[in-house]
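Each remark here refers to the structure printed beneath this line.
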Amino acid sequence: MIDMKAVKDAYATYKPMVDLSYRIMEYLIDNPEAEIIWKLLKYDDADAYLKPNLTRKEKAELIYNGSKNQDGYSVFFDPYMDEANTKQKTFLRIYPANVYPTTRTYGICCVNFEVFVHSQINHLSNYTTRVDTIIQKLLEILNGRDVGGVGVLYFDYRMTTYCRILTTGEKPYMGKVMTLGVNLA
């Protein structure tokens, strides 16, 4: 007799994908290495990196909570900006983009990190750019880390050819999209 429950349990469900963006955000909120990211998201002046670190509450207030009005938020868990925005702001979007099954028991989930910056606030007074600083810091903090128990994020062409950093956007917003992989079951 075939045990149907055992058959069902032998296939991947990708259940951790639902919480992936949230777990990554929790990791970034509590990581002292991520302070520069939060400052660059909150402050729009060229010396934003010199401002005081944000409190946990201030960071949480930057994360979109599903309310009708998206103004005032800088961090989102989906790939689309629903409203035309011309404010001089910085946005971070984190979401599972694609899933590629490699076997019946696991697959690779590609997680996108989009950073969009209004062109008039991208340059910082230390001769770097806001978008490159955020993307580099995200890569430094997350590459090779197990985030919230959902798996180890990686930026590794040998694991998946989908890992990459691309330039995107249209004036006045320019940005970069970084794709990391994570194995899910």
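The values are calculated or read from the model by the stated rules, or taken from the named source; none is laboratory data. The model shown is predicted, which means the values in this text are computed figures rather than measured ones. Neighbour counts run over all protein chains shown; Cβ positions are idealised from the backbone, glycine included.
Miscellaneous remarks
- Apart from one condition, Cys110 fits all of (1) modelled with pLDDT of 95 or more; (2) out of contact with any Phe, Trp or Tyr (no Cβ under 8 Å at 6 or more places or on another chain); (3) farther than 23 Å from Arg130 by Cβ; the exception is (2).
- Restricted to the range 86-130, and to residues there that are buried (at least 19 other Cβ atoms within 10 Å of the Cβ), of a type in the set (Val, Ile, Thr) and more than 21 Å from Tyr27 (Cβ to Cβ), the residue that is nearest to the chain's Cα centre (by Cα) is Val117.
- Any hit, the range 112-124, residues being assigned to a loop (DSSP other than H, G, I, E, B) and either over 16 Å from Ala34 (Cβ atoms) or out of contact with any helix residue (DSSP H, G or I) (no Cβ under 8 Å at 6 or more places or on another chain) (or both): yes
- Each residue in the range 13-67 was checked for being farther than 22 Å from Val131 by Cβ, crowded, with 16+ Cβ neighbours inside 10 Å and among the hydrophobic types (A, V, I, L, M, F, W, C), and 2 pass.
- Tyr80 meets the stated requirement of being closer than 20 Å to Met25 by Cβ and in a loop (DSSP other than H, G, I, E, B).
- Single residue of Gly149, Gly169, Gly181, Gly175 found to be closer than 24 Å to Met17 by Cα, touching a residue at least 40 places away in the same chain (Cβ under 8 Å) and either touching a Pro at 6+ places or on another chain (Cβ under 7 Å) or surrounded by 13 or more Cβ atoms within 10 Å (Cβ to Cβ) (or both): Gly181
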